[in-house]
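**Q** To start, I am sharing the structure in question, which I have written as structure tokens.
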Amino acid sequence: MADKPRGKGFFAPGGRLLLPAVLVAFYVLARVLVAAGLLNGYWQLILDQSLIVATASLGLSLIYGFCGQFSLGHAAFYGLGAYTAGLISKLWGHGDPLWFVGSLLAGAVVAGLVAVVIGLPILRLRSDYLGIATLGFGIIVKVLMDNSGKLIPETGGATGMTGVPMVANLTWVFIVAVAAIFLVRNLVFSRFGRSWVAIREDEVAADAMGINTTRAKTLAFVLGCALAGLAGALYAHRYPFIHPSSFDFLKSIDFLIIVVLGGLGSFSGTVATAVAWVFLLEGLRAVLGVAFVDYRGVVYALILVAVIILRPRGLLGGKEWSALLPRLGRRDGREEAKPHG
């Protein structure tokens, strides 16, 4: 006998076509609002930034949400992708579409290669020790960005880099975000995803069951950091000014908060929270003005405390939108998919 459908709305098996329809409607609506002049340049920038942050946050969701590897250096890979792509486009691209696509791929590849180099030694650490190691790496990258102008003057060093062609738009950002969502979905519901969840729940048991935990953790770390690099590459082509302060420790905290609030082990929750988080911060900045910088930490703490009290497992509690669930098999002649977790 087939299992009964679980959940309602987005979480119901019958709602499988709902999310793709919503994504298409979202894009069409945004384009119509832009064409009609109802969505000004400022809010277009915020909308694009929310999707860029969602892409980067999906990378940390793989690392921490599914594999359980506590990382505090995610913004470093975000910055590596931004500086790599920005430098390529500034020196050779000059707005050419092929160079733009190549710079996006280069940003992701550089971030992934750096993740391999540092991931192999530090992923042998666990829990707080891993967090401290990644935090240290993030600080190192920030210092290198501040002093990069001495070696590569085009980066601008501590004054920031300008002159990168602003060729990224809503269409590019939307395509990359949707591609990242489905990439993460396919990985999570594959044998790699099952290995990551096993490691997150009990690494010793996963190792005893024959899972190569070092390889699995490294794979999650590299893919997650590559997504951060890809998001950073988009950021470099969407904002006219790239500064090292945009990739400091607080930015890593932003990504961590998004993953925790959305619910560990829920990429749907990560995407929804990332979009909401960017708009929330802009709303608070508009209300508090310059005082927002001083009270930013207080706001973060209050939001975290409220969510932990009201929703201990995060906003979606480990659930996924059914439209994103793969069809795993047949029962009674019907294909079904069960939510992860």
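The values are calculated or read from the model by the stated rules, or taken from the named source; none is laboratory data. What you see is a predicted model; the values in this text were computed from it and never measured. Ideal geometry is used to build each Cβ from the backbone, glycine not excepted, and the neighbour counts take in all protein chains shown.
**Q** Among the residues of the range 70-119, how many are on the phi < 0 side of the Ramachandran plot, touching a residue at least 24 places away in the same chain (Cβ under 8 Å) and not in a helix (DSSP H, G or I)?
**A** 4
**Q** Hey, another quick one. Quick one: is residue 192 at pLDDT below 90, assigned to a helix (DSSP H, G or I) and of a type in the set (A, V, I, L, M, F, W, C)?
**A** Numbers: at pLDDT below 90: no; assigned to a helix (DSSP H, G or I): yes; of a type in the set (A, V, I, L, M, F, W, C): yes.
Judged against the criteria, residue 192 is not a match.
**Q** Looking only at the range 59-77, decide whether some residue is crowded, with 21+ Cβ neighbours inside 10 Å, farther than 27 Å from residue 275 by Cα, touching a helix residue (DSSP H, G or I) at 6+ places or on another chain (Cβ under 8 Å) and among the hydrophobic types (A, V, I, L, M, F, W, C). Let's see the steps before the verdict.
**A** Looking only at the range 59-77, we keep the residues that are crowded, with 21+ Cβ neighbours inside 10 Å, and these are 59-69, 71-77.
This time we only want the ones that are farther than 27 Å from residue 275 by Cα, so: none.
So far as the range 59-77 goes, no, none of its residues is crowded, with 21+ Cβ neighbours inside 10 Å, farther than 27 Å from residue 275 by Cα, touching a helix residue (DSSP H, G or I) at 6+ places or on another chain (Cβ under 8 Å) and among the hydrophobic types (A, V, I, L, M, F, W, C).
**Q** Additional query: Filter the range 48-69 down to the residues that are over 14 Å from residue 176 (Cβ atoms) and assigned to a helix (DSSP H, G or I) and list them by number. Before you say what the answer is, go through the steps one by one.
**A** Here is the first cut: in the range 48-69, the residues over 14 Å from residue 176 (Cβ atoms) are 60-69.
Across the range 48-69, the qualifying residues are 60, 61, 62, 63, 64, 65, 66.
**Q** Let me ask something additional. Look through 259, 222 and report the one residue that is assigned to a helix (DSSP H, G or I) and touching a Leu at 6+ places or on another chain (Cβ under 6 Å). Talk me through it step by step, then tell me what you get.
**A** Numbers: 222 fails: touching a Leu at 6+ places or on another chain (Cβ under 6 Å).
Step by step, each of 259, 222 is checked, and only 259 is assigned to a helix (DSSP H, G or I) and touching a Leu at 6+ places or on another chain (Cβ under 6 Å).
**Q** Starting from residues that are at pLDDT below 90 and outside any loop (DSSP other than H, G, I, E, B), keep the ones in the range 134-152 and report whichever is farthest from the chain's Cα centre (by Cα). Steps first, please.
**A** Taking the range 134-152 as the starting set, the residues that turn out to be at pLDDT below 90 are 148-152.
Now drop any that are not outside any loop (DSSP other than H, G, I, E, B), which leaves 148-150.
Numbers: 148: 25, 149: 28, 150: 31 Å.
Across the range 134-152, the extreme among qualifying residues is 150.
**Q** Let me spell it out: the conditions are (1) surrounded by fewer than 16 Cβ atoms within 10 Å (Cβ to Cβ); (2) under 17 Å from residue 250 (Cα atoms); (3) at pLDDT below 90; (4) of a type outside the set (Phe, Trp, Tyr), and residue 131 meets all of them except one. Which number is the exception?
**A** Residue 131 satisfies all of (1) surrounded by fewer than 16 Cβ atoms within 10 Å (Cβ to Cβ); (2) under 17 Å from residue 250 (Cα atoms); (3) at pLDDT below 90; (4) of a type outside the set (Phe, Trp, Tyr) except (1).
**Q** Which one is farthest from residue 267 (Cα to Cα) among residues in the range 203-251 that are of a type in the set (Phe, Trp, Tyr) and surrounded by fewer than 24 Cβ atoms within 10 Å (Cβ to Cβ)?
**A** Taking the range 203-251 first, the residues of a type in the set (Phe, Trp, Tyr) are 221, 235, 239, 241, 247, 249.
Those still in the list that are surrounded by fewer than 24 Cβ atoms within 10 Å (Cβ to Cβ) too: 239, 241, 249.
On the way: 239: 26, 241: 30, 249: 23 Å.
By that ranking, first place goes to 241.
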